[in-house]
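The values are calculated or read from the model by the stated rules, or taken from the named source; none is laboratory data. Values in this document were obtained by computation on a predicted structure and should not be read as measured data. Here the Cβ positions follow ideal geometry from the backbone for every residue, glycine too, while neighbour counts run over all protein chains shown. Ligands, DNA and RNA are stripped out before the accessible areas are found, and what is left, the full protein with its side chains, is counted by its heavy atoms. Shrake-Rupley method; radii C 1.70, N 1.55, O 1.52, S 1.80 Å.
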Amino acid sequence: MRSTSFEIASRNGLPLRGDLRSGDGAGALPVVVVCHGFKGFKNWGFFPYLGEQLAASGLLAVSFNFTGSGIGADLETFTELDRFAADTTTAQLGDLRAVLDALERGDIGAGRADLGRVAVLGHSRGGATAILGARADRRVRAVVSWAGISTLQRWPESETRAWRARGYTEVLNTRTG
(Lines give C-alpha, C1' and ligand atoms only; values in the text may rest on other atoms or scores of the structure.)
Protein backbone atom coordinates (compact mmCIF):
# COMPACT_ATOMS: atom_id res chain seq x y z
CA MET A 1 0.00 0.00 0.00
CA ARG A 2 1.11 3.54 -0.77
CA SER A 3 0.56 6.31 1.75
CA THR A 4 1.57 9.93 1.35
CA SER A 5 0.80 13.04 3.33
CA PHE A 6 -0.21 16.33 1.77
CA GLU A 7 -0.73 19.92 2.76
CA ILE A 8 -2.77 22.33 0.66
CA ALA A 9 -4.19 25.76 1.34
CA SER A 10 -7.81 25.87 2.37
CA ARG A 11 -10.14 28.39 0.76
CA ASN A 12 -9.40 30.76 3.64
CA GLY A 13 -5.63 30.25 3.31
CA LEU A 14 -5.16 28.00 6.35
CA PRO A 15 -3.12 24.79 6.02
CA LEU A 16 -5.28 21.78 5.27
CA ARG A 17 -3.39 18.59 6.07
CA GLY A 18 -4.26 15.09 4.91
CA ASP A 19 -3.25 11.64 3.80
CA LEU A 20 -3.64 9.83 0.52
CA ARG A 21 -3.70 6.01 0.55
CA SER A 22 -3.90 3.61 -2.37
CA GLY A 23 -3.11 0.06 -3.30
CA ASP A 24 0.03 -0.84 -5.19
CA GLY A 25 -1.68 -1.23 -8.56
CA ALA A 26 -1.41 1.21 -11.45
CA GLY A 27 -4.05 3.35 -13.08
CA ALA A 28 -6.78 5.67 -11.99
CA LEU A 29 -8.82 4.60 -8.97
CA PRO A 30 -12.24 5.60 -7.65
CA VAL A 31 -11.81 8.19 -4.89
CA VAL A 32 -13.30 8.25 -1.39
CA VAL A 33 -12.83 11.50 0.55
CA VAL A 34 -13.27 10.89 4.29
CA CYS A 35 -14.68 13.62 6.56
CA HIS A 36 -14.21 13.23 10.32
CA GLY A 37 -16.77 14.36 12.87
CA PHE A 38 -16.95 16.93 15.67
CA LYS A 39 -13.88 16.73 17.93
CA GLY A 40 -12.48 14.11 15.57
CA PHE A 41 -9.45 14.26 13.28
CA LYS A 42 -7.91 12.13 10.55
CA ASN A 43 -5.62 10.17 12.90
CA TRP A 44 -8.24 9.57 15.60
CA GLY A 45 -9.69 6.17 16.37
CA PHE A 46 -10.60 4.06 13.36
CA PHE A 47 -9.84 6.66 10.65
CA PRO A 48 -6.31 5.42 9.77
CA TYR A 49 -7.62 1.83 9.61
CA LEU A 50 -10.56 2.96 7.46
CA GLY A 51 -8.18 4.64 5.00
CA GLU A 52 -6.04 1.49 4.83
CA GLN A 53 -9.06 -0.73 4.24
CA LEU A 54 -10.45 1.54 1.53
CA ALA A 55 -7.05 1.51 -0.20
CA ALA A 56 -6.77 -2.28 0.14
CA SER A 57 -10.18 -2.50 -1.54
CA GLY A 58 -8.87 -0.76 -4.65
CA LEU A 59 -9.89 2.79 -3.83
CA LEU A 60 -7.94 6.01 -3.49
CA ALA A 61 -8.62 7.11 0.11
CA VAL A 62 -8.24 10.79 0.98
CA SER A 63 -8.52 11.75 4.64
CA PHE A 64 -7.88 15.21 6.04
CA ASN A 65 -8.27 17.43 9.07
CA PHE A 66 -10.80 20.21 8.79
CA THR A 67 -9.01 23.51 9.38
CA GLY A 68 -11.29 24.07 12.37
CA SER A 69 -10.54 20.70 13.97
CA GLY A 70 -8.05 22.26 16.38
CA ILE A 71 -5.33 19.80 15.38
CA GLY A 72 -2.03 21.46 14.55
CA ALA A 73 1.02 20.44 12.58
CA ASP A 74 1.88 17.59 14.98
CA LEU A 75 -1.39 15.92 13.81
CA GLU A 76 -2.22 14.46 17.24
CA THR A 77 -2.76 17.37 19.63
CA PHE A 78 -5.39 20.07 19.96
CA THR A 79 -3.02 23.03 19.72
CA GLU A 80 -5.18 25.33 17.58
CA LEU A 81 -8.07 25.97 19.97
CA ASP A 82 -8.78 29.34 18.34
CA ARG A 83 -9.49 27.55 15.07
CA PHE A 84 -11.69 25.00 16.83
CA ALA A 85 -13.61 27.86 18.43
CA ALA A 86 -14.21 29.44 15.02
CA ASP A 87 -15.20 26.22 13.23
CA THR A 88 -18.44 26.31 11.24
CA THR A 89 -20.32 24.04 8.87
CA THR A 90 -19.67 26.60 6.13
CA ALA A 91 -15.91 26.43 6.80
CA GLN A 92 -15.99 22.63 6.69
CA LEU A 93 -17.83 22.70 3.38
CA GLY A 94 -15.13 25.07 2.09
CA ASP A 95 -12.43 22.64 3.25
CA LEU A 96 -14.16 19.76 1.47
CA ARG A 97 -14.39 21.85 -1.71
CA ALA A 98 -10.68 22.69 -1.38
CA VAL A 99 -9.85 18.97 -1.27
CA LEU A 100 -12.07 18.28 -4.29
CA ASP A 101 -10.46 21.23 -6.12
CA ALA A 102 -6.97 19.88 -5.34
CA LEU A 103 -7.98 16.46 -6.68
CA GLU A 104 -9.33 18.07 -9.84
CA ARG A 105 -6.14 20.12 -10.34
CA GLY A 106 -3.95 17.08 -9.69
CA ASP A 107 -2.38 18.56 -6.55
CA ILE A 108 -3.60 15.43 -4.76
CA GLY A 109 -3.64 12.04 -6.43
CA ALA A 110 -2.32 13.15 -9.82
CA GLY A 111 -2.62 10.24 -12.25
CA ARG A 112 -4.20 8.05 -9.56
CA ALA A 113 -7.65 9.65 -9.13
CA ASP A 114 -10.58 8.69 -11.35
CA LEU A 115 -12.39 12.03 -11.17
CA GLY A 116 -15.52 10.52 -12.68
CA ARG A 117 -15.90 8.29 -9.60
CA VAL A 118 -15.62 10.44 -6.48
CA ALA A 119 -17.45 9.63 -3.25
CA VAL A 120 -17.52 11.43 0.08
CA LEU A 121 -17.81 9.48 3.34
CA GLY A 122 -18.57 11.34 6.55
CA HIS A 123 -18.72 10.14 10.14
CA SER A 124 -20.93 11.79 12.78
CA ARG A 125 -21.03 15.55 12.06
CA GLY A 126 -18.81 14.78 9.06
CA GLY A 127 -21.84 12.90 7.73
CA ALA A 128 -23.75 16.17 7.51
CA THR A 129 -20.78 17.80 5.80
CA ALA A 130 -20.61 14.90 3.33
CA ILE A 131 -24.32 15.13 2.51
CA LEU A 132 -24.34 18.91 2.14
CA GLY A 133 -21.08 18.84 0.17
CA ALA A 134 -22.35 16.14 -2.19
CA ARG A 135 -25.59 18.05 -2.74
CA ALA A 136 -23.70 21.17 -3.75
CA ASP A 137 -20.87 19.69 -5.83
CA ARG A 138 -21.42 17.94 -9.17
CA ARG A 139 -18.06 16.16 -8.87
CA VAL A 140 -19.34 13.98 -6.03
CA ARG A 141 -21.10 10.91 -7.44
CA ALA A 142 -21.81 9.05 -4.17
CA VAL A 143 -22.12 9.86 -0.50
CA VAL A 144 -21.98 7.78 2.68
CA SER A 145 -23.07 9.04 6.08
CA TRP A 146 -21.68 6.76 8.76
CA ALA A 147 -23.52 7.32 12.06
CA GLY A 148 -24.25 10.82 10.80
CA ILE A 149 -26.05 13.40 12.86
CA SER A 150 -29.72 13.95 12.07
CA THR A 151 -29.67 17.73 12.49
CA LEU A 152 -27.24 20.60 12.85
CA GLN A 153 -29.58 22.16 15.43
CA ARG A 154 -28.61 19.78 18.23
CA TRP A 155 -28.92 21.97 21.31
CA PRO A 156 -32.09 22.94 23.16
CA GLU A 157 -33.31 26.48 22.50
CA SER A 158 -32.41 27.56 26.05
CA GLU A 159 -28.77 26.50 25.53
CA THR A 160 -28.68 28.12 22.10
CA ARG A 161 -29.94 31.44 23.59
CA ALA A 162 -27.31 31.29 26.36
CA TRP A 163 -24.62 30.47 23.77
CA ARG A 164 -25.60 33.45 21.64
CA ALA A 165 -25.74 35.79 24.64
CA ARG A 166 -22.32 34.66 25.90
CA GLY A 167 -20.83 34.45 22.40
CA TYR A 168 -19.45 30.93 22.90
CA THR A 169 -20.08 27.60 24.54
CA GLU A 170 -17.55 25.26 26.07
CA VAL A 171 -17.25 21.67 24.92
CA LEU A 172 -15.12 19.25 26.93
CA ASN A 173 -12.84 16.92 25.01
CA THR A 174 -12.90 13.70 27.02
CA ARG A 175 -9.67 12.45 25.38
CA THR A 176 -7.58 15.46 26.40
CA GLY A 177 -9.61 16.97 29.25
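Hey, how much of the P(r) for the range 71-139 falls beyond 16 Å, as a percent of Cα pairs? When every Cα pair of the range 71-139 is considered, 57 percent fall beyond 16 Å.
For the range 29-77, the solvent-accessible area of protein heavy atoms averages 31 Å² per residue (probe radius 1.4 Å; ligands and nucleic acids excluded).
Helix 89-105 and the long axis of the chain differ in direction by around 10°, with both axes built from C-alpha atoms. Rounded if a/c is under 1.5, else prolate if a/b beats b/c, else oblate: with a ≥ b ≥ c from the C-alpha gyration tensor eigenvalues square-rooted, which is the range 94-176? Since a/c reaches 1.5 and a/b is larger than b/c, the shape of the range 94-176 is classed as prolate. A simple rule links phi to the HN-Hα coupling: the Karplus curve 6.51 cos²θ - 1.76 cosθ + 1.60 with θ = phi - 60°, which for the range 126-136 gives x, x, 5, 4, 4, 5, 5, x, 5, 5, 9 Hz, with x for Gly and Pro. The GluC sites (Glu not before Pro) of the range 1-85 that meet both conditions, a loop assignment by DSSP and at most 16 other Cβ atoms within 10 Å of the site Cβ, are Glu76. With θ taken as phi - 60° and the Karplus curve 6.51 cos²θ - 1.76 cosθ + 1.60 applied, the whole-hertz 3J(HN,Hα) list for the range 19-31 is 10, 10, 10, 8, x, 7, x, 9, x, 7, 10, x, 10 Hz, x standing for glycine and proline. Give the longest segment of the chain that steers clear of chymotrypsin sites (Phe, Trp or Tyr not before Pro) in DSSP loops with at most 13 neighbouring Cβ atoms within 10 Å, not counting the sites themselves. That gives 47-167 as the longest site-free run. Sequence-distant contacts, meaning Cα pairs under 8 Å at least 6 residues apart, place the relative contact order of the range 45-90 at 25 percent. The distance between label points at Asn12 and Leu152 comes to 1.4 nm (points 7 Å beyond Cα on the Cα→Cβ vector).
Each label point was placed 7 Å from the Cα along the Cα-to-Cβ direction; for Arg164 and Thr4 their separation is 4.8 nm. Under a 5 Å amide H cut-off, with hydrogens placed 1.01 Å from N, Ile108 pairs with Leu103 among residues at least 5 apart or on other chains.
Sequence-distant contacts, meaning Cα pairs under 8 Å at least 6 residues apart, place the relative contact order of the range 22-104 at 27 percent. Under 1.5 on a/c is rounded, so check that first for the range 11-158, then, if it is not, pick prolate when a/b is larger than b/c and oblate when it is not; a ≥ b ≥ c are the square roots of the alpha carbon gyration tensor eigenvalues. Here the range 11-158 falls in the prolate category. A cut-off of 5 Å between modelled amide H atoms, ignoring neighbours fewer than 5 places along the same chain, links Ala113 with Leu29. Once you sort the root eigenvalues of the Cα gyration tensor of the range 29-80 as a ≥ b ≥ c, which label holds: rounded (a/c under 1.5), prolate (a/b larger than b/c) or oblate (the other case)? It comes out prolate by the Cα gyration axes.
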